[in-house]
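Take a look at the structure below.
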């Protein structure tokens with residue numbers, strides 16, 4: 001299966017060619033506080049689909065005012081792009097990489113996986129075993145639009161779930177509450 005996120009532009013607007021028409025149309029019809037954020041790198045998934053033992057399904061990525069700072073950090077940005085392209089990196093679930101503990105992503109995911117770490121698993125082990133797939137890949141205050149790239153997520157999710165644990169119920173509203 002081809003990964004559409006390999007084709008994501010390296011600069012803003014961070015939108016796949018297959019999604020640009022739908023996003024432009026949606027954003028023209030909505031106020032700024034309801035628009036899809038195209039200035040931030042999308043997070044359709046975090047983690048390695050091949051190594052993950054646990055797959056969590058979520059609605060859409062959370063957004064924090066701190067994201068702009070994190071997304072402008074060269075190392076964090078590189079980790080996000082490696083993730084999108086399924087390229088090897090020391091912590092496939094980059095939010096658990098100790099180098100990025102200062103980011104909103106790092107703060108949220110460390111808080112929500114701390115029990116696993118406290119039970120003796122290393123951050124690297126958790127990072128290799130966890131995959132989160134977002135139904136809507138772009139940052140949006142309220143989910144109201146469907147895009148071509150969502151069908152690729154469905155295929156990634158279905159192939160990743162074979163023989164693995166999975167869960168649902170994560171939401172960006174929860175993420176925003178917990179990132180301060």
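The values are calculated or read from the model by the stated rules, or taken from the named source; none is laboratory data. What you see is a predicted model, and the numbers here were worked out from it, not measured in a lab. Here Cβ is always computed from backbone atoms with ideal geometry, including for glycine, and neighbour counts include all displayed protein chains.
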Practice item. State whether one or more residues within segment 61-68 are part of a loop (DSSP other than H, G, I, E, B) and at pLDDT 90 or above. Key: no
Exercise for review: Could you please give the count of residues in segment 26-51 that are under 15 Å from the mean Cα position of the chain (by Cα) and surrounded by fewer than 16 Cβ atoms within 10 Å (Cβ to Cβ)?
Suggested key: 1
Practice item. Inspect all residues belonging to segment 15-25 and state whether any of them is surrounded by fewer than 19 Cβ atoms within 10 Å (Cβ to Cβ), at pLDDT 90 or above, part of a loop (DSSP other than H, G, I, E, B) and touching a helix residue (DSSP H, G or I) at 6+ places or on another chain (Cβ under 9 Å). Key: yes
**Study point:** Checking residue 114 against (1) loosely packed, with under 15 Cβ neighbours inside 10 Å; (2) in a loop (DSSP other than H, G, I, E, B), the condition it does not meet
**Key:** (2)
**Study point:** Boolean, residue 82 is assigned to a loop (DSSP other than H, G, I, E, B) and out of contact with any strand residue (DSSP E or B) (no Cβ under 8 Å at 6 or more places or on another chain)
**Key:** no
Point to revise | Top-ranked residue of segment 52-68 - restricted to ones that are in contact (Cβ under 8 Å) with a residue 12 or more places away in the chain and exposed (fewer than 15 other Cβ atoms within 10 Å of the Cβ), ranked as nearest to the chain's Cα centre (by Cα) | key: 68
Practice item. Sort out which residues of segment 71-80 are in contact with a helix residue (DSSP H, G or I) (Cβ under 9 Å, 6 or more places away or on another chain) and surrounded by fewer than 21 Cβ atoms within 10 Å (Cβ to Cβ), and write them in order of number. Key: 71, 73, 75, 77
Check your understanding: Of all residues in segment 3-14, which are part of a loop (DSSP other than H, G, I, E, B) and more than 15 Å from residue 136 (Cβ to Cβ)?
Key -> 3, 8, 9, 10, 11, 12, 13
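Per-residue answers, yes or no, for (1) within 13 Å of the chain's Cα centre (by Cα); (2) without any contact (Cβ under 8 Å) to a residue 60 or more places away in the chain; (3) under 26 Å from residue 13 (Cα atoms):
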| site | (1), (2), (3) |
| --- | --- |
| 74 | no, yes, yes |
| 78 | no, yes, yes |
| 81 | yes, no, yes |
| 92 | yes, yes, yes |
| 98 | no, yes, no |
| 110 | no, yes, no |
| 122 | no, yes, no |
